[in-house]
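This report concerns only the one structure given below.
The values are calculated or read from the model by the stated rules, or taken from the named source; none is laboratory data. Only a predicted model underlies this, so the values are computations on that prediction, with no experimental measurement involved. FYI the Cβ positions are ideal-geometry reconstructions off the backbone, even for glycines, and counts take in every protein chain you see. Side chains included, ligands, DNA and RNA excluded: accessible areas come from the protein's heavy atoms. Shrake-Rupley method; radii C 1.70, N 1.55, O 1.52, S 1.80 Å.
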Amino acid sequence: ESGEAFAFDISYRPVPLKTHVVACGFAGTNRYMFDKNLDKHVPQLLRRFSSGRPAIVFCHSKKDTMQLAEELTKSYSNFSRLDTSALMNFSYKASTASLQGCLRKGIAYHHAGLDADDRKLVEEAFSSGNIACLCATSTLAMGVNLP
């Protein structure tokens, strides 16, 4: 029936997820400034918890995915396991300069505003292990079968 809802627990995932909760200060009275300053903690958290494996960081908005990805190209690198020639190849196929620059560094972003070909390209790059960190909105969690 169309009114039914389904709940899926972790047993449906082909690859188990690990969730980490880390305190990053006090929000205070200016929530915007607190949220804005969280990005600076991401590189350290990736180094601490990813164990050199690809990671997905979920962001609140399309703009946030792009901003964090661009920041990570400057402050986070995990190239030891990445194929630089594959990254260049993925980069050449991307339709925007922003995504091209991120892909060259082994970083990408994924959101509903991306062109369908770019979304498919990012999904392929991540699935093949050529992305160190993928910054995404919840659309990735809802509609894409990635581990």
Could you list, in sequence order, the residues of segment 104-128 that are more than 20 Å from Leu45 (Cβ to Cβ) and open to solvent by less than 40 Å² (accessible area, probe 1.4 Å)? His111, Leu114, Asp118, Leu121, Val122, Ala125
Does segment 80-99 contain at least one residue that is within 23 Å of Ser50 (Cα to Cα), without any contact (Cβ under 8 Å) to a residue 40 or more places away in the chain, among the aliphatic types (A, V, I, L, M) and open to solvent by less than 30 Å² (accessible area, probe 1.4 Å)? yes
Considering each residue of segment 43-79, count those that are of a type in the set (D, E, K, R) and touching a residue at least 40 places away in the same chain (Cβ under 8 Å), and give that number. 2
Give the residues of segment 100-113 that are in contact with a Ser or Thr (Cβ under 8 Å, 6 or more places away or on another chain) and of a type outside the set (Val, Ile, Thr), sorted by residue number. Gln100, Gly101, Cys102, Leu103, Arg104, Lys105, Gly106, Tyr109, His110, His111, Ala112
Looking for something loosely packed, with under 10 Cβ neighbours inside 10 Å, in a loop (DSSP other than H, G, I, E, B) and modelled with pLDDT of 70 or more - is there at least one such residue anywhere in segment 46-55? yes
Limited to segment 100-127, what total is found for residues that are touching a strand residue (DSSP E or B) at 6+ places or on another chain (Cβ under 7 Å) and among the hydrophobic types (A, V, I, L, M, F, W, C)? 6
